[in-house]
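The values are calculated or read from the model by the stated rules, or taken from the named source; none is laboratory data. Given the structure is predicted, the values throughout are model-derived calculations rather than measurements. Using ideal geometry, Cβ is built from the backbone for each residue, glycine included, and neighbour counts are taken over all protein chains shown. Protein only, heavy atoms only, side chains kept; ligands, DNA and RNA dropped before computing areas. Shrake-Rupley method; radii C 1.70, N 1.55, O 1.52, S 1.80 Å.
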2 protein chains.
Amino acid sequence: MHTVQTGNSMYALARQEISLPKIVSSPEELKQLSLEQLTLLAHEIRQEIIQNLNKTGGHLASNLGIVEITLGMHYVFDSPADKFLWDVGHQSYVHKMLTGRREQFDTLRQYKGLSGFINPLESEHDAFLAGHSSTSVSLAVGMALARDHLKQNHKVIAVIGDGGLTGGMALEAINHLGHLRRNVLIILNDNEMSISENVGGFSQYMRRIKETFFYRDIKEKIDLIEDLLDDVPLTPAVRKLIEGVKKETKERFDTPGIVFEKLGINYSGPIDGHNVEAVVNALSKVKDKTTPQILHVVTQKGKGYAPAEEDSIKFHGVSAFSLEPPLSEKVEPIQPPVPKAKTYSDIFSQALIDLAPIEPHMVAITPATAEGSGLVKFGKVYPERFFDVAICEQHAVTMAAGMAKAGLKPVVSIYSTFLQRAMDQVIHDVAILNLPVIFGIDRGGLVEDGETHQGVFDIAFLRTIPNFTVLAPKNAQELRNMLFTALKEAQGPVAIRFPRDKAIEADGCGAFEPIPSTKWEFLSNENLTDKYFNSNQKKASQDNIVLLAHGAMVDTALRALPMINKKGLEPLVINARSAKPLDHEMLMRIFNLPECKIVTLEEGFVSGGFGSAILEWVHRKEFCQLSEPNYLKIPRPHISCLGISDHFVEHGARDILLKDNGLSADSVADFVINLAQMQHMLT
Amino acid sequence: MHTVQTGNSMYALARQEISLPKIVSSPEELKQLSLEQLTLLAHEIRQEIIQNLNKTGGHLASNLGIVEITLGMHYVFDSPADKFLWDVGHQSYVHKMLTGRREQFDTLRQYKGLSGFINPLESEHDAFLAGHSSTSVSLAVGMALARDHLKQNHKVIAVIGDGGLTGGMALEAINHLGHLRRNVLIILNDNEMSISENVGGFSQYMRRIKETFFYRDIKEKIDLIEDLLDDVPLTPAVRKLIEGVKKETKERFDTPGIVFEKLGINYSGPIDGHNVEAVVNALSKVKDKTTPQILHVVTQKGKGYAPAEEDSIKFHGVSAFSLEPPLSEKVEPIQPPVPKAKTYSDIFSQALIDLAPIEPHMVAITPATAEGSGLVKFGKVYPERFFDVAICEQHAVTMAAGMAKAGLKPVVSIYSTFLQRAMDQVIHDVAILNLPVIFGIDRGGLVEDGETHQGVFDIAFLRTIPNFTVLAPKNAQELRNMLFTALKEAQGPVAIRFPRDKAIEADGCGAFEPIPSTKWEFLSNENLTDKYFNSNQKKASQDNIVLLAHGAMVDTALRALPMINKKGLEPLVINARSAKPLDHEMLMRIFNLPECKIVTLEEGFVSGGFGSAILEWVHRKEFCQLSEPNYLKIPRPHISCLGISDHFVEHGARDILLKDNGLSADSVADFVINLAQMQHMLT
């Protein structure tokens, strides 16, 4: 018999000596428990999550909030026959622990360990994959239609948070479901604390549902009328009429959740999401309904934090534990108390604060990533110039376009992976009219979160769009200067991309300076540059190697350089800070070097990326035509494009992933050395 | 004095001899009119639109539906100071006529003429650009925030249809507006006829608003109670209570539009959108409100069609005039009654119908483009396997992913330009799990609608995504075979792209045959192929030209061939039907041809496109490494990439646009001939 320590908050249960038969790690085992035991399990799991996340990091608060819902789901429904669709997927830790992955839970988010999100490749209990928000209802609709078409009989359950519900595609799906009237259960995990202040009318409405002010008000008044009429001689018909009005008022007009009801989804709730019994009862009630249902469950993010609050020293450094809004949803592993290095997000958001006084028309927009992007402080200092639109990437971008057209200077801070949600808006609303919207593209490149979050498409997508300027800084100060220059000079859209990592030379930041962002920069010393371009001192041709590095890869190239130099090779390193436009003058100089080997470096997909742009430049149509005779004299060059090859990159620490993908300094050095050797062999 | 012929339906006004002072073509002139004259003007404009569109083609029905709304807006508000944001933009013809463009109205949609959409480059009265749906509220929010930030004082008015409102980003924007509570007026142009049967819960709800069944029901009952209680001696307090309940029921609980009210937008309406006076009054009432307002206007698409109905012969060939659902929103210019050539859309949708019996798990999904994509017939034959999700590209794609995961074979029929709305869903929900969702990408390439609708990004975007197969057929039968093969064999996502044009060899369609879609095909005769690859008969090297044509460009290349042959040149033409994966074997053969000149041809952006993929293949990392020694022996090739250069392409007939962009058969022939000559000069 496995008996857990119940802790202070569980004194009632402890007194009853309720215990758990063993470590519960499957739905079958779970279903054997009593409701009291479920409550105990909830506590046990909560403690396990807290302890484990101290080691692995991860989404603490949302998982503590969803413990009872998850237990209830596995108690009442039958996964994997019934399909559980977890929106965003990062609140699936409890689900993972209960579906055979409890023992591996300490490998969460580690390279080759459990994913921080759901993925059917990891477990049959993960009905789908998710990392982005607001997809679960669409998936549920699709799976319900498939089930009905295939004449199957299982349940489809979408779990979505109040945050996810602000995403347009979730609303599209609810709208469609209300029309289709298929058997889908939506569990709305509603946590007010998860919402920043800019939550939208919908969330405000849900808050009002919880207050149920209107309903109580009208119901009480009708009751009062009835009471007052008690002594009055009324015909049975009149009595019946009054009853009817009451009933209709209750049922039709002020059901909490009238918005959902009006859209064709049956609403029940709100219920207390931390009372296992209430959750189990509510789920049991809707289980056998055949029409679309929404169950409104009110939870508290970070439920069970008390120990953390009581023992603030122990939890020092795990910022989520403070629960101060905006809630730090994600925690980092507890590490020795070293001063935290400034990230590019920090640099970018500080630059916005620094620029605000001199750019009075600048405003900042974020789609629910204020904390991750470091914009919380900006929002506090300039609340009237800060717009967190919730999980609405599309709206964020088009709203910014409207602002730019109307004379503001909007800066959209957005993760590379989430920008994918707004590609049409970037094209249709920003680029066609060539509007000066500035995109601060955070998490451009590889991130530890895995497949769903890799920021690997942005360079390829954005450089294909006419009118766009696509930039990436080599270090902190260049990021500041790019933003400054774009705000001063941009005549059209500008994307400034930076990785999720500590900023290079973060401590060297100074005053803003305008820079020619679309002109590239020699990073080698003058002697070397001379060697390359001064024919009198021309080096042996096989050593003519030029590294064209974009963004974060500049630093990588510079770190690779000493290893390359050791082999007697002296490549030129160029800070190719604009992927679009290319620096034609610089390219002309480079491509006129005889027998030059060019290596392009980018932290993104090679397909269609920066290197690809260089290839297109060389092979441009004009190159083949008489109208531009200069190009004809350029020797056909040897170019290698380094970047991420055509596959989705898993989760794990960024430096591991970079190495895996041949983008660590070591790998780059190896490649360049091999390249030079190979050329020696050929010549 | 200019007196219009009022027509039969206007007999009342005609009898009153109301007349218009002159041709009204500016808001100033409009404001001088009486309400009666406005009604007359509405009739006049309606006739002008009908007559004009017989020549130019265009969106007839939606513009006839919005005549009075537009007149009312210009009567009550002051454009361009007040900002009119027309969703989709194709219902802006009346607005164009009233803002200085009435005389040019016969150039509508013609090359270098008026755009069929709105564009600030065309008029200061076009506050923004639009071609895609559901953007107007986001733009309005952005512009209202800018106005308030800049301490300006004008009004911002978003016009959106009930169709546009199904788009997720419109719901995001309404949600945000409800939170912000800024001064924005949304005019909801609600036309039931514009909606196909799959309209979503929201539209159903709006239909119920119009019926106002609930409200009337409860109100009448309370009235009845009151009446019945008239004779009963009640205290004033009870009477007051009853009054209070009535008032609250009316005001709070059953305001038509409670959904909007609950989301924080004040609702008024519904009003009759074809009664100018009602429109003007309603707009005047909300004009000076400072909170967000939604005015619900009910209109009839195609209002004023009576003449067309009475004289069906005259309007023969203009399918919109039938008004049969699904409504043909767009009309083509009246042309001589020639048999209509089958388009690729026709071929694709017929293939779906033909395949349905042998592929019982195949379902078809469209985001509100059932008619344009030719899927109406499929929907009629297989209603239970057809899903028109309304304007919800994101939901459409993710729903399809859910279906595929659950065992169906979903085919998403979507325009290239609208696929941009769902790029994240394509990546996150389809590609990562490598799900066999088939995308029938209609309108891939240049279309007459202009900048907003050009299908030019899809090749570049899709080929960057891991796991994707990106195909384009050379003719009708190949399209059928590709779809057939994908349904039979696909292990992951497949995109099949075709242009908006008549299908090549549409009459030659026969039985389905499996084809190796990712293997390319020699289109030249065997003798020529022999000449190229049989070294004994090797041609002069300068004549080694290979045209790698993708999709619709195959036909272009074949049409260019005779012109090229005339110059004594005999290029090989290859049907490069897959842009991803590339046919490595074929490429190895081609690139081993000595001194070969390769020309890639695609109807899409060169940036990141098919040609770019060829360049990447040649310069792939492995090419430079010892691990793949075969590649080292390949001579560095001469490649030119033909496609659309880095700019947004205007509106006009497809053949004109193709020629403008160097993609007509003539232009391709010229390019190839010049290329050969240039090589002669160099050698």
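Applying 1/(1 + (r/R0)^6) with R0 = 35 Å to the Cβ-Cβ distance of residue B:489 and residue B:341, what FRET efficiency is obtained, to the nearest 0.05?
E(calc), rounded to 0.05, equals 0.70.
Can you give me the distance in nm between label points at residue B:511 and residue A:111, each placed 7 Å from the Cα along the Cα-to-Cβ direction?
For the pair residue B:511/residue A:111, the computed spacing is 5.6 nm.
With labels modelled as points extended 7 Å from the Cα through the Cβ direction, what inter-label distance (nm, one decimal) is found for residue A:153 paired with residue A:29?
2.9 nm
Roughly what would the spin-label model give for residue A:51 and residue B:655, points 7 Å off Cα along C-beta, in nm?
Spacing of the two 7 Å Cα→Cβ label points: 7.8 nm.
Where the centroid of each part is defined by its Cα atoms, how far is the range B:485-510 from the range A:25-42 in Å?
52 Å
Taking a label point 7 Å out from Cα toward Cβ, give me the nm distances from residue B:80 to the same spot in the other copies, shortest first, one decimal.
In ascending order, 6.0 nm.
Within the set of other residues whose C-beta is less than 15 Å from the C-beta of residue B:406, count the net charge using Lys and Arg as +1 and Asp and Glu as -1.
Here the charged neighbours net out to +3.
How many Å² of accessible area per residue for the range A:404-562, probe 1.4 Å?
Per residue, the range A:404-562 has an accessible area of 29 Å².
DSSP loop trypsin sites (Lys or Arg not before Pro) in the range B:151-195 with at most 16 other Cβ atoms within 10 Å of their Cβ, which ones?
In loop regions of the range B:151-195 (DSSP not H, G, I, E or B), the sparsely surrounded trypsin sites (Lys or Arg not before Pro) are B:151, B:181.
Can you list the copy-to-copy distances for residue A:32, using a point 7 angstrom from Cα toward Cβ, in nanometres, shortest first?
When each copy's label point is compared with this one, the spacings are 9.1 nm.
Under 14 Å from a label point 7 Å along Cα→Cβ of residue B:567: give me every residue in the range B:649-668 with its amide N that close.
From the range B:649-668, the list is B:665-668.
Given R₀ = 41 Å, what would the calculated FRET efficiency be for residue B:240 paired with residue B:121, taking r from the Cβ atoms and rounding to 0.05?
Between residue B:240 and residue B:121 the formula returns 0.10.
So which of B:22/B:55; A:303/A:380; A:151/B:580; A:409/B:31; A:519/B:597 end up more than 28 Å apart, counting from Cα to Cα?
A:151/B:580; A:409/B:31; A:519/B:597
Nearest to the axis that maps chain B onto chain A: list the chain B residue whose Cβ wins, with the distance in whole angstrom.
Output: B:168, 1.
Take the Cβ-Cβ distance between residue B:592 and residue B:36 as r, set R0 to 56 Å, and report the resulting FRET efficiency rounded to the nearest 0.05.
So the FRET efficiency works out to roughly 0.10.
Using only alpha carbons, build the gyration tensor for the range B:87-197 and give me the equivalent ellipsoid semi-axes, biggest first, whole Å.
25, 19, 10
May I ask which residue of A:473, A:486, A:564 lies farthest towards the positive end of the charge dipole of the range A:457-590, with charges of +1 (Lys, Arg) and -1 (Asp, Glu) on Cβ and the Cα centre as origin?
Farthest towards the positive pole: A:564.
Please state the charge dipole magnitude for the range A:102-154, taken about the Cα centre, from unit charges on C-beta atoms (+1 on K and R, -1 on D and E), reported in debye and rounded to the nearest 20.
100 debye
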